[in-house]
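Single-structure report; data block below.
Just so it is clear, none of the values below were taken in a lab; they were calculated from the coordinates. It should be emphasised that the depicted structure is a prediction, and the values quoted were computed from it without experimental measurement. Note that each Cβ is placed from the backbone with ideal geometry, even for glycine, and that neighbours are counted across all protein chains shown.
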Amino acid sequence: MLIDSHVHLDDERFDGDRDILINSLKDNKIELVINIGADMNSSMSSIELSKRYDNIYAAIGVHPHSASEMTEKTLDELREMSKEDKVIAIGEIGLDYYYDNSPRDIQRKWFREQLELAKELDLPVIIHSRDATKETYDIIKEAQDGTLRGVLHCFSGSVEVAMEYIKLGFYISIGGTVTFKNARVVREVAEAVPLDKLLIETDCPYLTPEPYRGKRNEPMFVKYVAEKIAEIRGISVEELAKSTNKNTKELFRIK
């Protein structure tokens, strides 16, 4: 059994078969998934999915793309939503300087605010970082007071950067890009990160791994991520699954 630590099953691309897919997860050897919020609507959808299915947990938060929509009231709403039993993280939050859908100063402000909220609520954070490696790291380091914990999702940085995050107490999560032919840096990270600091994910419906690249990604495709990382590290898929499942449950305090 595998855990997919980052999914977006509330995405409209699952509207036609969402229930069928979720009900088939255990038959496809997926123990549980964590559905991730990207704005207030998807955060609420994550909570609703977690209430309907015992194998779904929820993360709530506002992605940098939607940072310009945030206000102090948004923080209060997230604080209230966090009281739901199966809300286990704040995310995904961070910086995205590739699309710049929100002004960079606004992204930085609400990234910091959501990190502080996570510390206040004693919840881990799920970090999105694209084309903003240094500033993402600097803001997290500045916020780290010994209580902040979390994961860099779909990590695309170097081995050196990954190790700096691990020094800050963070985990590294790897997705379908590790299966891509030109993914040299991601494969180096997959090999180098200590096994007790590694998570796996699909980020479905995005970043579909080989051999299904170009099609809609699904949680059961996390097995291709696991198989590729196990191959790179020279270990069995069972050993990788045991470690990544344990890491996911420890980080998110899933009993």
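Some observations on this one:
- Amide H contacts of GLY94 (H built 1.01 Å from N, in plane; Pro and chain starts excluded): HIS128 sit under 5 Å, all sequence-distant by 5 or more or on other chains.
- The chain, relative contact order [Cα under 8 Å, separation at least 6], %: 18
- For region 33-164: rounded, prolate or oblate by the Cα gyration tensor [a/c cutoff 1.5]: prolate
- Phi angles across region 38-53 convert, under the Karplus curve 6.51 cos²θ - 1.76 cosθ + 1.60 with θ = phi - 60°, into 3J(HN,Hα) values of 10, 7, 5, 5, 6, 5, 5, 4, 4, 4, 4, 4, 5, 6, 7, 10 Hz, Gly and Pro given as x.
- Sorting 102-113, 77-88, 32-43 by their mean Cβ neighbour count within 10 Å, with the most densely packed peptide first, gives 32-43, 102-113, 77-88.
- Within straight-line cross-link reach of LYS51, aspartates and glutamates at Cα separation under 14 Å, skipping those fewer than 8 residues along the same chain: ASP10, ASP19, GLU84, ASP85
- Whole-angstrom gap from region 71-103 to region 181-254, using each part's C-alpha centre: 25
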